[in-house]
Amino acid sequence: MRRLVGLLAVLAAAACTAGPTATRTAPTAPPVAAPAPTVAPTPLPTPPLPPYYIESLRTRPYPGGKLEIGDVMFRGQGYTKYHMSWPSGGQTMTGTISLPDGGGPFPVVVVNHGFIPPDRYWIGQDSGIFGDPMAAHGFIAVAPNWPGYSGSGPAPADLPQIVGQVVTALDLVSSLSSLPQANTDRIAFVGHSNGGGIAEIAMVVDPRVKAVVLQAPVSSDMTDNARKWWLQRPDSLAGLGSPDADPDGYRHLSPRGYFQRGQAPVLIIQGTVDHTIPADWTNATYAALQRAGVPSKLTWVDGGDHDLTGSNLADAVAAQETWIRQALGV
């Protein structure tokens, strides 16, 4: 009897474990919607800077072209002076070139004349006095007639006059490569009065300018020049406007704010009784050059007026040549 009870217990236990094992299905998570793609906002186009800004002039191309030597003007001591022309902005520009005797290559001095009304200007005026003595001593001296002067075509209509003058001068620099006698690694700029303003802008725009001499230059803050002269000749401003209406325009055109270490050495020469250029302007330009670390020197000519003459002029040109020779290493 006991054996039967035990057998039944074993069979009962087997019945409880021999059947199929139930499985539990994990609940299915609801589908998650994919995130909507992020659309980046389209940036607004950056308006171009005005073409007369220093930043714009630094990126502007200066292709130049072939420098053409024209008729002989005269024969000097050790050099010959000719008419010349070169292309700029689709126009033909004119000027003079004084070539030393020999095959070169010779260092080059670009001489920028001061302001003279077009109807009173004659070719070589206010440039030969600074350039021809250099040609007699082994430098090529090139002197552009400003746009609209003596056969030169017009400058770009969207540029203030002084900027158009800079552009044509830098196209002239590019054209020097077509002249076998020119050493294009040794280029200096000389400028008198407004031509000094051209040289001031060129030196902060184009590293090909390796030496600068400013003879009684206009202010390196173009606001000064506008208030004294340009506002009286509105056609000279193009899209620039007045200093009060467009202070940023003048700030971006004034070379004083762009002087920096590594630029061409600068010599400033001015008479102590200059009735055209205030001494305060010249002192401010010199102080800005010094602060920026530009090698520079200011020489005052005792008793000299805006247009130096006689021994004062001879001394200024001699100092100019010495400075350029040292800066160019010639």
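The values are calculated or read from the model by the stated rules, or taken from the named source; none is laboratory data. Remember, predicted model here, so these are calculated numbers, not experimental data. Here the Cβ positions follow ideal geometry from the backbone for every residue, glycine too, while neighbour counts run over all protein chains shown.
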Which listed residue is on the phi < 0 side of the Ramachandran plot, without any contact (Cβ under 8 Å) to a residue 12 or more places away in the chain, surrounded by fewer than 17 Cβ atoms within 10 Å (Cβ to Cβ) and among the polar types (S, T, N, Q), from Q181, Q232: Q232
Going by what's in this entry, would S174 be described as within 17 Å of the chain's Cα centre (by Cα), part of a helix (DSSP H, G or I) and more than 16 Å from H113 (Cα to Cα)? yes
Residues of segment 275-321 classified as out of contact with any His (no Cβ under 7 Å at 6 or more places or on another chain) and either under 20 Å from S127 (Cβ atoms) or not in a helix (DSSP H, G or I) (or both), total: 26
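Here is a yes/no grid of residues against (1) over 14 Å from A169 (Cα atoms); (2) of a type outside the set (A, V, I, L, M, F, W, C):
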position	(1), (2)
G64	no, yes
D71	yes, yes
Q77	yes, yes
T92	no, yes
G104	yes, yes
V110	no, no
Y121	yes, yes
Does any residue of segment 168-178 turn out to be farther than 16 Å from M93 by Cα and either without any contact (Cβ under 8 Å) to a residue 24 or more places away in the chain or in contact with a strand residue (DSSP E or B) (Cβ under 9 Å, 6 or more places away or on another chain) (or both)? yes
If you go through segment 278-287 one residue at a time, do you hit one that is closer than 20 Å to V190 by Cα, of a type in the set (A, V, I, L, M), crowded, with 19+ Cβ neighbours inside 10 Å and modelled with pLDDT of 95 or more? no
Would you point out the residue of segment 186-223, among those that are touching a His at 6+ places or on another chain (Cβ under 9 Å) and part of a strand (DSSP E or B), that is surrounded by the fewest Cβ atoms within 10 Å (Cβ to Cβ)? H192
Just wondering, is there one or more residues in segment 95-113 that are under 17 Å from S150 (Cα atoms), at pLDDT 95 or above, in contact with a helix residue (DSSP H, G or I) (Cβ under 8 Å, 6 or more places away or on another chain) and part of a loop (DSSP other than H, G, I, E, B)? yes
For segment 124-143, indicate whether the set of residues that are out of contact with any strand residue (DSSP E or B) (no Cβ under 9 Å at 6 or more places or on another chain), of a type in the set (A, V, I, L, M) and at negative phi is non-empty. no
Take the conditions at pLDDT below 95, loosely packed, with under 10 Cβ neighbours inside 10 Å, under 21 Å from the mean Cα position of the chain (by Cα) and not in a helix (DSSP H, G or I) and apply them to P20. Does it pass? no
Hey, can you tell me all the residues within segment 235-263 that are crowded, with 17+ Cβ neighbours inside 10 Å, among the polar types (S, T, N, Q) and outside any helix (DSSP H, G or I)? S254, Q263
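Residue-wise test of (1) closer than 28 Å to R325 by Cβ; (2) surrounded by fewer than 22 Cβ atoms within 10 Å (Cβ to Cβ); (3) of a type outside the set (S, T, N, Q); (4) in contact with a His (Cβ under 9 Å, 6 or more places away or on another chain).
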{"site": "F74", "(1), (2), (3), (4)": "yes, yes, yes, no"}
{"site": "F106", "(1), (2), (3), (4)": "yes, no, yes, no"}
{"site": "I116", "(1), (2), (3), (4)": "no, yes, yes, no"}
{"site": "G124", "(1), (2), (3), (4)": "yes, no, yes, yes"}
